[in-house]
């Protein structure tokens with residue numbers, strides 16, 4: 001079993017490859033109203049506020065996503081990785097009124113790293129890059145999310161489920177579950 005630090009390194013590495021391979025930041029993304037730049041903006045902007053409000057930890061800010069999405073992503077991913085690599089993070093807890101108290105590494109893994117994983121498909125699809133996600137991770141995430149479908153939908157963080165074939169692969173099922181059309185094209 002991988003640690004949250006190892007898992008983040010792997011998942012953020014996959015997202016980083018797509019960031020580094022992006023040649024146009026203003027192309028539409030599968031999330032309605034978003035561009036490729038907005039996918040990076042979402043990840044760079046929501047997590048620092050979530051982390052700080054739940055732990056008091058402030059990540060070092062990088063460049064603006066508007067000015068340099070590649071440098072913004074690299075600075076952000078490095079800051080999160082440094083946090084997880086710090087042995088002191090094991091003893092820290094993230095407190096949130098909606099989810100309670102969770103060990104910091106687990107909270108990062110469950111909420112942030114999972115989000116990076118799913119948005120990897122968005123960026124890859126928007127920019128015409130390899131959109132293949134780890135099949136086992138897709139299946140595990142889907143198995144964990146399906147029982148809380150109603151709660152996830154009511155959070156406003158997921159769109160309506162997109163129906164896919166019953167015999168679709170785990171990635172296609174996950175993409176449909178989170179409200180993306182697996183057939184979407186820019």
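The values are calculated or read from the model by the stated rules, or taken from the named source; none is laboratory data. Predicted model, so just to flag it, every value in this text is computed and none were measured. Note that each Cβ is placed from the backbone with ideal geometry, even for glycine, and that neighbours are counted across all protein chains shown.
Here are the numbers:
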item	result
Residue under evaluation residue 60, criteria (1) within 16 Å of residue 113 (Cβ to Cβ); (2) not in a helix (DSSP H, G or I), criterion not met	(1)
Any hit, the range 105-115, residues being over 25 Å from residue 173 (Cα atoms) and either in contact with a strand residue (DSSP E or B) (Cβ under 8 Å, 6 or more places away or on another chain) or surrounded by 20 or more Cβ atoms within 10 Å (Cβ to Cβ) (or both)	yes
Unmet requirement for residue 88, which otherwise passes all of (1) assigned to a helix (DSSP H, G or I); (2) in contact with a helix residue (DSSP H, G or I) (Cβ under 9 Å, 6 or more places away or on another chain)	(2)
Exclusive hit being under 22 Å from residue 183 (Cβ atoms) and not in a loop (DSSP other than H, G, I, E, B), set 9, 18	18
Flag if residue 91 is free of Cβ contacts under 8 Å to residues at least 40 places away in the same chain, surrounded by fewer than 18 Cβ atoms within 10 Å (Cβ to Cβ) and over 28 Å from residue 155 (Cβ atoms)	yes
Residue list for the range 21-45, restricted to those being part of a helix (DSSP H, G or I) and in contact with a helix residue (DSSP H, G or I) (Cβ under 8 Å, 6 or more places away or on another chain)	36, 37, 39, 40, 41, 42, 43, 44
Residue 165, sole failed condition from (1) more than 18 Å from the chain's Cα centre (by Cα); (2) surrounded by 10 or more Cβ atoms within 10 Å (Cβ to Cβ); (3) modelled with pLDDT under 95	(3)
